[in-house]
1. Taking the condition in the same structural domain as D90 (by TED's automatic domain parsing) and under 16 Å from F74 (Cα atoms), does A15 pass?
2. Give me a count of the residues in segment 122-137 that are surrounded by 24 or more Cβ atoms within 10 Å (Cβ to Cβ) and assigned to a loop (DSSP other than H, G, I, E, B).
3. Restricting attention to segment 130-157, report how many residues are out of contact with any strand residue (DSSP E or B) (no Cβ under 8 Å at 6 or more places or on another chain), farther than 18 Å from L191 by Cβ and modelled with pLDDT under 90.
4. Can you tell me how many residues in segment 178-204 are of a type outside the set (A, V, I, L, M) and touching a residue at least 60 places away in the same chain (Cβ under 8 Å)?
5. Residue under question is I95, and the condition is that it be within 18 Å of the chain's Cα centre (by Cα), within 26 Å of G40 (Cβ to Cβ), among the aliphatic types (A, V, I, L, M) and surrounded by fewer than 17 Cβ atoms within 10 Å (Cβ to Cβ); does it hold?
6. Within segment 84-95, identify whether any single residue is over 25 Å from V202 (Cα atoms) and at pLDDT below 95, and answer yes or no.
7. Could you pull out the residue among V88, V45, V57, V39 that is among the aliphatic types (A, V, I, L, M), under 15 Å from the mean Cα position of the chain (by Cα) and assigned to a loop (DSSP other than H, G, I, E, B)?
8. Looking only at segment 104-131, which residues are among the hydrophobic types (A, V, I, L, M, F, W, C) and closer than 20 Å to G152 by Cα?
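The values are calculated or read from the model by the stated rules, or taken from the named source; none is laboratory data. None of the values given here were measured: they were computed from a predicted structure. Reconstructed Cβ throughout: ideal geometry from the backbone, glycine too, with neighbour counts over all protein chains shown.
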Amino acid sequence: MTDSDNQQKWPALPATLSNIAVTKNSGKYESVSSNYFKVGHPRLVFMAENDEQVSHVVEYAGNVQRFVGHQIPFSVRSGGHGITNYSVNDGGIIIDLSQMNQVNILDEAKGLVKVQAGAVWGDVADKISKADLVLSSGDFGDTGVGGLATSGGLGLLVRKQGLTTDQILGATIITADGKKRNVNKEENSDLFWAIRGGGSQVGIVTEFIFQADKVEPAKSGQRVPIGTMIK
C-alpha cells in the first residue's frame with residue numbers, strides 16, 4: 001500500500017466503534033500495532049470487548065473497502081505471537097481481541113472449559129489447574145488462545161492429548177457478513193471443520209469450548225499449572 005493510499009479518506013467511524021478505536025496519535029498505539037516479530041503500521045486498531053463490537057468492526061472494514069474501491073489489509077490479533085505476521089499490517093485495520101479474555105469452567109467433572117480468544121494460555125492454565133484440569137496448549141504462558149487454538153497447538157501434553165485443535169468441542173465465529181455463528185459437530189459443521197485446521201479465512205473466532213483432561217494432584221498436594229512454565 002502506498003503513502004497516497006494511507007492518506008485516502010475513509011468513512012467516518014460509527015458511534016459503536018469510536019470508543020474502542022486506537023489511532024497513531026494514541027498512547028496505546030505502539031503496544032497494539034505490532035507483534036513479537038514485526039512492527040506494524042496500521043491505520044486503525046480496534047480493541048474489541050464483545051462479539052457485537054467484533055461484528056461492527058467486520059462491517060466497517062467492508063464499508064471501507066467499498067468506499068475506497070480496493071481491498072485493505074485486515075488482521076486479527078490476540079497474543080501477538082504469530083510467526084506468520086498475519087496479526088499485524090501496514091495501512092489497514094487490526095482488530096485486537098486481548099480485552100476478550102474470560103476463562104470459565106463450565107463443568108468441572110466433564111472438563112468443559114469456555115475460553116475467549118483474547119485470553120493467554122498462562123491464565124487458562126492458572127484457572128483450570130485449580131480444578132485439577134489440564135489442556136494441551138503450547139509452552140509459553142503469554143501466547144494468545146485464538147492464534148494457537150486455530151493453528152494446531154503443540155504443547156507439553158501433545159503425546160497424551162494431541163493438538164490443541166483436537167480439544168475444541170465448539171466455538172463462536174463472526175463471519176465476513178458480520179453475523180455471529182455457533183459452530184460444533186452438529187451446527188455449522190463445515191465451519192467447525194475449518195477452524196480446527198481444515199481451512200483459514202473463514203471468520204474471527206471469539207470464543208472456544210475445550211475438552212480438558214482431569215489429572216490427580218501429586219501426593220504432596222502441589223499442583224503444576226501446565227502452560228506457565230515458560231514466560
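1. No; evaluated as a whole, the condition is false for this residue.
2. Final tally of qualifying residues: 3.
3. Total meeting the criteria: 10.
4. We begin by selecting, within segment 178-204, every residue of a type outside the set (A, V, I, L, M); these are 178-182, 184-190, 192-193, 196-201, 203.
Next, from what is left, pick out any that are touching a residue at least 60 places away in the same chain (Cβ under 8 Å): 178-180.
So the count comes out to 3.
5. No, not satisfied.
6. Looking through segment 84-95, none of the residues is over 25 Å from V202 (Cα atoms) and at pLDDT below 95.
7. V88
8. Scanning segment 104-131 gives L112, V113, V115, A117, A119, V120, W121, V124, A125.
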